[in-house]
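Report on one structure; see the data block that follows.
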Amino acid sequence: MLPVVALSIQLDGKDVKPEEEELDPDELPGLTWPAKGHLGVKIQFVIEYPFSWMRWLSVPPCDNRWNNYRRFFAVVFPLPAAVVLVIAAEGFDGFSMMLSFASSHSSGSNSSSNGSDNLTNSTGGSGCDSCFPLYGLIIILGVLMSVLLAVWTAFTKQFGGLLQAFLAFFAFIMSVAWLNIEANEVVSLLETLGLVMGVDTAILGLTVLAIGNSVGDLVADTTVARKTPAMGVSSCFGSPLLNDVLGLGISLTAYTATHWPQPYKFDIHRAAFSKVKLSWIFLGLSLLASLIVFPVTRFTPPKWFAYSLYALYAIFMLFSVLDETKVLVARL
């Protein structure tokens, strides 16, 4: 089994817990001016300031530092959160959608066809007997939820319990929604860059997107590996495994659920799929080598193994470029 991340670091038989920095309870990360920060931190604060407001307004606070500021954001978050959820699900076109409530006493064939669908979505107001705009429903539900939270938090002096669980649940949902929006924007930018430069989007995904997506894991895994090699190895494989299992599983489940009963089909013999096959081949070689080397060296692999992985990645990139430039004519 993979080693479990410990809550403290054990040195010379003693548990040494990292020192926690004392934070001002009234400080709002991203909104409070970093007076003690250096110039780079202040420049970053100015750039992120409008996005910090968007985050605070749509993601409820649940960091155990309850005060009047956090109570304000906890009360007002439902309406902005609903807007973000609509954008994440349907884009800005979602605000032009109309909710059509089918009449239950319609006659003839209309009664039999509409009786099973009491609520349908349409992009226009024509042809529906009783339509209500989606944004109107969002405003009503958002205001009602804010009123309920205002009453709830008015009697809450100590943050915790059911209120904390409630806000933490919605904070998780909103974090996923924001990540979905950001991922869609990054993919759209890469597609635009590929069209402008005449480069296949698969190449951009294998290079720019893959490297950018892995920088955070690289820094975190390197830091952990310097302290505990076995923990660094497990973190290195655990994070991509989570992305593959949940990312592919949830996305394919959502697609097949929305397109049921039609199955999801794709042609593995088309030319664009050859890059995916190359990825599978080199990923399998890397995992097989790691499966052998790490247990044999007791999770302290030698430097030559790192160089061999670098070489394997370089060869993979070379084959990908050759495939893109049509030099690699072998059919995979």
Query raised in the report: Can you tell me which residues in the stretch 291-310 are among the hydrophobic types (A, V, I, L, M, F, W, C) and at pLDDT 85 or above?
Result: L291, I292, V293, V296, W304, F305, A306, L309
Requested in this report: Kindly provide the set of residues from the stretch 134-162 that are among the β-branched types (V, I, T) and in contact (Cβ under 8 Å) with a residue 12 or more places away in the chain, ordered by number.
Outcome: I138, I139, V143, T153, T156
Requested in this report: With the condition kept exactly as written, say whether any residue in the stretch 264-271 is exposed (fewer than 10 other Cβ atoms within 10 Å of the Cβ), closer than 19 Å to T207 by Cα and either at pLDDT 80 or above or not β-branched (V, I, T) (or both).
Outcome: no
Requested in this report: Taking L285 as the residue in question, decide whether it is at pLDDT 75 or above, open to solvent by 40 Å² or more (accessible area, probe 1.4 Å) and within 27 Å of N180 (Cβ to Cβ).
Outcome: no
Requested in this report: Output the qualifying pairs, or none if there are none: Cβ atoms under 9 angstrom, residues six or more apart or on different chains, first residue in the stretch 163-174 and over 13 Å from P78 (Cα atoms), second residue open to solvent by less than 10 Å² (accessible area, probe 1.4 Å) and part of a helix (DSSP H, G or I).
Outcome: L163/A74; L163/L149; L163/T153
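When the residues of the stretch 133-191 are narrowed to those that are under 30 Å from V208 (Cα atoms) and open to solvent by 80 Å² or more (accessible area, probe 1.4 Å), which ends up modelled with the highest pLDDT? Reasoning before the result, please.
Taking the stretch 133-191 as the starting set, the residues that turn out to be under 30 Å from V208 (Cα atoms) are 171-191.
Among the residues that remain, those that are also open to solvent by 80 Å² or more (accessible area, probe 1.4 Å) are: 172, 179, 182, 185, 189, 191.
Numbers: F172: 88, L179: 80, E182: 81, E185: 81, L189: 80, E191: 78.
Here the residue is F172.
The values are calculated or read from the model by the stated rules, or taken from the named source; none is laboratory data. On a predicted model such as this, the values are computed, not experimentally measured, just so you know. So basically every Cβ, Gly included, is an ideal-geometry build from the backbone, and we count neighbours across all protein chains shown. Just the protein is used for accessible areas: all its heavy atoms, side chains included, with ligands, DNA and RNA removed. Shrake-Rupley method; radii C 1.70, N 1.55, O 1.52, S 1.80 Å.
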